[in-house]
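The values are calculated or read from the model by the stated rules, or taken from the named source; none is laboratory data. On a predicted model such as this, the values are computed, not experimentally measured, just so you know. Glycine also receives a Cβ, built like all others from the backbone with ideal geometry; neighbour counts cover every protein chain displayed.
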Amino acid sequence: MKRSARTIGIVNDSNRTGQNPPGIRTAVSPADIEHFNRTGWLLTDTLDAAGVEELRSWMDEIAEWPEQGDGWMHHYELTDEGPKLCRSENLIPFHSGLRELITTGALIEVASALLDSQAVLYKEKVNYKLPGGAGYAPHQDAPAYPFIDSHVSCMVAIDDSTPENGCLEVASGQHQMLLATDDSGCITQEVVDSLQWDLVPVQAGQTLWFHSRTPHRSGANNSRLPRRALYPTYNALVEGDLRDEYYERKVAEFAAGEAAEGRVRVSLIGDFQGRSVG
Ligand SMILES: O=C(O)CCC(=O)C(=O)O
């Protein structure tokens, strides 16, 4: 895969409001919303050091949940060091702290501001990207998110996300339409080569917001430390509260279909490059 990309930094950390529990200290300004509407992404501060520590402890708990749960899903990939957890999803029915963090307070307020409408949670996942964990091919999320056209997602960084450990790369200003896709539902190589890709390092506690049509990709984790990130996705409530339907559809499609040869299936498109555990 051709991987030339520039690096961009935080775009706006002004206009921050006072403390909101638990450890959240952010709001978006009109300039932030303008940036998001123009580029399709926005980097904000979300958690202070205590909030990051709490989120890390929740992630440690969730990673210990049994593989066969009461509705949550764990996915595993094969790395050179053996099988590792790569994703957990459908988590909020089983974790009150996480439910509060992503369905009340600053995150849902920012999502509502970016959607310009009251937001509701569409889905949630954690990508662990443990050492040796694989990256994601260039894609837009919208083809993997059925029922409606527009969503806003965010990556809440649990660990610092860097070029070395597989931070996201985005293509700015490309979120108005769906791009051409290949057999796996990812962006065709010709289109990928025509886009400018920007690396977006995200520090633990910061949040990278992006539209579900914002093209993005990421590399493997070539470091010795985890690169965990929490990804809630929201939609406008006027379009429906679709979370239960989303997971019903996902479970049904996973039961009916196979992953591409040798790959782990974590999504309704084939963006994840992780090897199957077998
Ligand atoms: O966590 C990453 O590196 C990328 C995740 C991603 O693109 C996705 O889950 O759709």
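Failed condition for ASP80, given (1) within 30 Å of GLY278 (Cβ to Cβ); (2) modelled with pLDDT under 95; (3) charged (D, E, K, R), with all others met?
(2)
Which members of the stretch 177-189 meet the condition of being buried (at least 19 other Cβ atoms within 10 Å of the Cβ) and either in contact with a helix residue (DSSP H, G or I) (Cβ under 7 Å, 6 or more places away or on another chain) or not in a loop (DSSP other than H, G, I, E, B) (or both)?
LEU179, ILE187
Please verify whether the stretch 42-52 includes one or more residues that are out of contact with any helix residue (DSSP H, G or I) (no Cβ under 9 Å at 6 or more places or on another chain), within 14 Å of ALA157 (Cβ to Cβ), modelled with pLDDT of 90 or more and assigned to a helix (DSSP H, G or I).
Yes.
Could you grab me the full set of residues in the stretch 86-121 that are touching a strand residue (DSSP E or B) at 6+ places or on another chain (Cβ under 8 Å), of a type in the set (S, T, N, Q) and assigned to a helix (DSSP H, G or I)?
Selection gives THR103, SER112.
Which ones in the stretch 224-278 are over 29 Å from THR103 (Cα atoms), away from the ligand (no atom under 16 Å from the Cβ) and either in contact with a Phe, Trp or Tyr (Cβ under 9 Å, 6 or more places away or on another chain) or touching a residue at least 24 places away in the same chain (Cβ under 8 Å) (or both)?
ARG224, SER276, VAL277, GLY278
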